[in-house]
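This report refers to the structure that appears directly beneath it.
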């Protein structure tokens, strides 16, 4: 019985990165051997056990054989004769196909160290094409390591394209698509995830709403980058610089979906794209298991981001309407995330990346002024609930008018 540290933990140690979690591979053992050592079984498709003290995962060395299309179409084989090299050979990328013995000896049968040094994400073998989820995983790792200079090896990108062309990517299930996407949104360069998917042709399959944005023009006066898809990637990149909040990053990704369905005869203008974007965000969230919090913030950003951009031009009554429709008084923390998505939208344009965006501070101040009104006396009079609500709105509106009148823009 031999135990090896495998996968991401080995890779990250070699890169000098903090190890997020440790996975182990056990060679030469049977399930009964593991149970006798008090390991707890958790695997459904193949034997995986939890260490009785650390809770870390220990999987028996295994090989796999493709039996049907899609992610679940595999038959796994485990017995005491399977070697560590055979187990590593079924993995996706060479940088993930390394192991280390308990004594510290590195096992690297597929050139993972060389690919770490050359900053290449390269497939282990031709078996890569058997699992469509690997398309998403490669894109996710590209998003994680882009800032360190990593890119997808050209031969791996060709394999990914062949998987798309053969229809293998059509077998991707919604739950797995979203799981990989949500993780990718939390990486250092989330826009790279979608760029890699587009490079291999998979974006039109898993995110047709985003893919459709590429090639759609918008006014150069406001968008020097012109292309709506390019703009969306720039906005997501800026959102990642502003916050690690996945809600904000998702909102940045979907805020302009409606521009893809603008009638061609009015391009490059996009009149009414906000409402169209709201509908498309809902359709995406209906198709994928997008959490409600992300869906709701995405819809708010889609509908009201242009209000934020025009904040200084808005009447006090319009600002109050935005606060009420976004539930800003009861959910100020979500409104703050909405503001961050709007700031990312403003910065996600060629030449605007480092420009100030004073609208967010203006609206923060406006919300503070409208929230600070006195309301105690309203509950001691003869007003009913509806009357109290109207009175509060009137006081908020007065506070916003005073705020707007007295506001001095930053110099």
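What the table shows:
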| item | result |
| --- | --- |
| Of 40, 91, 334, the one that fluctuates the most in a GNM where the chain has Cα springs shorter than 10 Å | 40 |
| Length-normalised contact order for region 137-268 - Cα pairs under 8 Å, 6+ apart - percent | 24 percent |
| Three principal axis lengths of region 207-406 [C-alpha, angstrom, descending] | 60, 38, 36 |
| Residue-averaged 222 nm ellipticity for the chain, from DSSP H runs of 4+ at -39500 (n - 2.57), nearest 500 | -15000 deg cm²/dmol |
| Packing rank of 308-315, 95-102, 15-22, 374-381, where each peptide gets the mean count of other beta carbons within 10 Å, highest leading | 95-102, 308-315, 15-22, 374-381 |
| The chain - share of DSSP beta bridges that are antiparallel (%, nearest 5) | 75 percent |
| Rounded Å value of the spacing that divides the Cα centres of region 91-129 and region 249-301 | 39 Å |
| Computed over region 1-110, the ratio Rg/Rh where both radii use C-alpha atoms and Rh is Kirkwood | 0.96 |
| For region 338-411 and region 171-198, distance of Cα centres in Å | 35 Å |
| Per residue Cα convex hull volume in Å³ - calculated over region 79-217 | 140 Å³ |
| Binned Cα-Cα distance frequencies in the chain - 20 Å width, integer % | 23, 45, 25, 7, 0 |
| Cα-based Rg / Dmax (Å) for region 128-281 | 15.6, 47 |
| Estimated FRET transfer efficiency (residue 374, residue 317; beta-carbon r; R0 22 Å; 0.05) | 0.60 |
| Surface/4 estimate of mean projected area, convex hull on alpha-carbon atoms of region 334-411, nm² | 6.7 nm² |
| Label-point gap, in nm, between residue 36 and residue 269 - each point 7 angstrom along Cα→Cβ | 8.0 nm |
| Extension gain, residue 361 back to residue 244 (0.36 nm per residue minus Cα-Cα distance, nm) | 40.1 nm |
| Shape of region 167-258, Cα gyration tensor, a/c cut at 1.5 | oblate |
| Stretch gain in nm, segment residue 102-residue 354, where the contour uses 0.36 nm per residue and the Cα spacing is subtracted | 85.9 nm |
| Debye-sum result for region 1-60 in log10 I(q)/I(0), which assumes one identical scatterer on each alpha carbon, at q = 0.16 Å⁻¹ | -0.51 |
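Read-outs: derived from the displayed coordinates by stated rules, not from any lab. Since we're looking at a predicted model, the values are computed, not measured. As a convention, Cβ positions derive from the backbone with ideal geometry for all residues, glycine included, and neighbour counts pool all protein chains shown.
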